[in-house]
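Shown next, in structure tokens, is the structure this report addresses.
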């Protein structure tokens with residue numbers, strides 16, 4: 001999605017974002033735990049959540065980890081960052097910037113180097129992932145870690161057919177992201193995690209109407225309504241159950257290369 005349109009999409013979504021994504025009480029703690037485990041986060045780490053949005057996962061990580069250095073919530077949307085809360089939750093610092101801003105050192109950060117960085121479902125918004133991931137890798141401290149959390153090339157969401165097709169056309173391949181991290185000098189691996197979602201059908205249809213995925217903002221209002229009717233017909237059951245599967249692309253900087 002074009003950068004200006006993407007920012008407009010998230011600015012409009014900011015007020016309801018946590019409600020849309022907090023659709024299942026176990027989901028945010030589960031995903032935050034997976035991120036913490038994959039990155040082997042420690043309280044003394046200097047950490048950044050790139051593309052943090054409202055800090056949905058950063059808040060949970062900070063609550064559990066109790067970091068000694070504030071966890072940086074980096075997002076280009078000031079509207080999204082404003083939803084972090086006032087006063088700010090303990091252990092969080094907002095940074096109004098894009099992944100490219102951080103990669104190209106256009107924004108001053110409180111830390112010269114970062115021990116751990118994650119990007120959750122935001123790498124597909126990066127225009128030049130190879131260049132940006134290289135720049136982020138350059139910000140890592142010795143033995144620093146970077147985690148890209150992304151959907152795989154195809155998904156089993158109960159969306160309408162045109163949305164599923166467009167997703168597959170637009171979604172980056174996790175293998176390509178791993179290759180970019182490897183080219184940036186990181187030791188890499190790909191693993192997959194999965195969580196079953198169980199959502200009230202009418203609530204899910206409301207999420208589709210609200211365009212909870214940025215992909216859905218590429219469809220007109222009439223296309224969304226037609227798609228919702230398609231979902232209603234294909235899924236008459238009152239509760240939708242489907243797997244939410246993610247690729248975890250992890251890169252680690254060798255200590256001697258830092």
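Report yes if residue 197 is more than 20 Å from the chain's Cα centre (by Cα) and in a strand (DSSP E or B), otherwise no. Steps first, please.
Working: more than 20 Å from the chain's Cα centre (by Cα): no; in a strand (DSSP E or B): yes.
Criteria not met by residue 197.
Name the residues in segment 181-194 that are in a strand (DSSP E or B) and either touching a helix residue (DSSP H, G or I) at 6+ places or on another chain (Cβ under 7 Å) or under 12 Å from residue 252 (Cα atoms) (or both), would you?
If the condition is that a residue be in a strand (DSSP E or B) and either touching a helix residue (DSSP H, G or I) at 6+ places or on another chain (Cβ under 7 Å) or under 12 Å from residue 252 (Cα atoms) (or both), then 186, 187, 188, 189, 190, 193 are the ones that fit.
Which members of segment 128-165 meet the condition of being within 24 Å of residue 224 (Cβ to Cβ) and in a helix (DSSP H, G or I)?
Scanning segment 128-165 gives 161, 162, 163, 164, 165.
Would you mind stating whether residue 45 is under 14 Å from the mean Cα position of the chain (by Cα) and modelled with pLDDT of 95 or more? So that I can check it myself, show each step before the final result.
Numbers: under 14 Å from the mean Cα position of the chain (by Cα): no; modelled with pLDDT of 95 or more: yes.
Here the answer is no, as residue 45 does not meet what is asked.
Mind telling me which of the residues 101, 16 ends up being in a helix (DSSP H, G or I), surrounded by fewer than 19 Cβ atoms within 10 Å (Cβ to Cβ), modelled with pLDDT of 95 or more and on the phi < 0 side of the Ramachandran plot? Quick ask: steps written out before the conclusion?
Details: 16 fails: modelled with pLDDT of 95 or more.
After applying the criteria, what remains is 101.
Being in contact (Cβ under 8 Å) with a residue 24 or more places away in the chain, under 23 Å from residue 133 (Cβ atoms) and either in contact with a strand residue (DSSP E or B) (Cβ under 6 Å, 6 or more places away or on another chain) or surrounded by 22 or more Cβ atoms within 10 Å (Cβ to Cβ) (or both): is that true of residue 62 here? Walk me through it before giving the result.
Details: in contact (Cβ under 8 Å) with a residue 24 or more places away in the chain: yes; under 23 Å from residue 133 (Cβ atoms): no; either in contact with a strand residue (DSSP E or B) (Cβ under 6 Å, 6 or more places away or on another chain) or surrounded by 22 or more Cβ atoms within 10 Å (Cβ to Cβ) (or both): yes.
When the stated conditions are applied, residue 62 does not pass them.
From 225, 168, 178, which residue is free of Cβ contacts under 8 Å to residues at least 40 places away in the same chain, part of a helix (DSSP H, G or I) and farther than 17 Å from residue 156 by Cα? Can you show your working first?
Numbers: 168 fails: farther than 17 Å from residue 156 by Cα; 178 fails: free of Cβ contacts under 8 Å to residues at least 40 places away in the same chain.
Exactly one of 225, 168, 178 is free of Cβ contacts under 8 Å to residues at least 40 places away in the same chain, part of a helix (DSSP H, G or I) and farther than 17 Å from residue 156 by Cα, namely 225.
So which residues in segment 78-97 are out of contact with any strand residue (DSSP E or B) (no Cβ under 8 Å at 6 or more places or on another chain) and assigned to a loop (DSSP other than H, G, I, E, B)?
85, 86, 87, 89, 90 - these are the residues of segment 78-97 that are out of contact with any strand residue (DSSP E or B) (no Cβ under 8 Å at 6 or more places or on another chain) and assigned to a loop (DSSP other than H, G, I, E, B).
The values are calculated or read from the model by the stated rules, or taken from the named source; none is laboratory data. Given the structure is predicted, the values throughout are model-derived calculations rather than measurements. FYI the Cβ positions are ideal-geometry reconstructions off the backbone, even for glycines, and counts take in every protein chain you see.
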